[in-house]
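No lab work stands behind these numbers, since they all come straight from the coordinates. Treat the numbers as computed from the prediction; the structure is a model and nothing was measured. Heads up, the Cβs are rebuilt from the backbone with ideal geometry, glycines too, and the neighbour counts pull from every protein chain shown.
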Amino acid sequence: MSDAPSLLMEKDGPIGWIIFNRPEKRNAVGVETWELMPKYVQDLATDDAIRVVIMRGAGDKAFVAGADISQFKDRRRNMADEEEYRRIGARGRVAISCDIRIAADDARFGIPAARLGLGYHWSGMEQLMALVGPSVTKEIFFTARTDWNAQDALRMGLVNQVVPKAELETFTRDYALMIAKNAPLTMRSAKASVKELLRPTAERDLQHLEKLIADCFNSEDYQEGVRAFAEKRRPQFQGR
């Protein structure tokens, strides 16, 4: 058994990488992985140099194969165990919590919960349903298929881009660098707006969104963006 950590973190200019590091188990996620995730996320979130975080799987076989089923007999024996497992697992989410998902053209997807008889928590269902809709969510769970291909995932809205496997890491890094060059305050406002607008109308914090918009217009970055446009050059945003 490898002594290497099950989760790694690297910094690459404006990009932070979180790497699921159990290639011998197709990067299946165990309790120890969830326990490491908050520390890495906090480190990257508080580093002003980091603009984009990418999650990827080690090796060339899988991003994440899902939960480590071999731990279920000891860690998820009953509902009491499940509540503790869920408490730990809630500290970190994987692909469906990301803002953008990029898949290799040979990727396969699935949630085989119905083959195991487990109850899939509604919070994960809610996130999936926000991406693919209720009908497709039911199809994924009812069939328990694990052979959905990359084009299926693209059609569903589960992924944003599909690229040749050999180009996946290069494409993803280049895409992240493109994002990292844009104005951080604008992206923060856009991300918060999408999150709020998915809530029921009566629960939306529109005042918070108005503040984030005002922060953009009152920022040094806005002044830099206007100047750069007039001068026909690339703006250098600082996030303030």
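Quick look at the numbers
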{"read-out": "Interchain or long-range residues, amide H under 5 Å from residue 55's placed H", "value": "18"}
{"read-out": "Cβ crowding within 10 Å averaged over residues, with 225-232, 100-107 ranked highest first", "value": "100-107, 225-232"}
{"read-out": "Under 24 Å from the Cα of residue 138 - lysines, other chains or at least 8 residues apart", "value": "195"}
{"read-out": "Karplus 3J(HN,Hα) series, Hz, for the stretch 126-141 with 6.51 cos²θ - 1.76 cosθ + 1.60 (x for Gly, Pro)", "value": "4, 5, 5, 5, 5, 8, 10, x, x, 5, 5, 4, 5, 4, 4, 6"}
{"read-out": "0 to 90° range, to nearest 10: angle between helix 220-231 axis and the chain longest Cα axis", "value": "70 degrees"}
{"read-out": "Length released on extending from residue 178 to residue 234, taking residue separation times 0.36 nm less the Cα-Cα span", "value": "19.0 nm"}
{"read-out": "Helical mean residue ellipticity (222 nm; -39500 (n - 2.57) per DSSP H run of 4+; nearest 500) of the chain", "value": "-14000 deg cm²/dmol"}
{"read-out": "Partner lysines for residue 232 [C-alpha distance under 29 Å; skip if fewer than 8 residues away on the same chain]", "value": "181, 191"}
{"read-out": "Charge tally in the Cβ shell below 13 Å around residue 220, where Lys, Arg are +1 and Asp, Glu are -1, residue 220 excluded", "value": "-1"}
{"read-out": "Other-chain or far-sequence residues with amide H under 5 Å of residue 12's (modelled H)", "value": "17"}
{"read-out": "C-alpha center-to-center spacing [the stretch 16-44, the stretch 170-240] in angstrom", "value": "28 Å"}
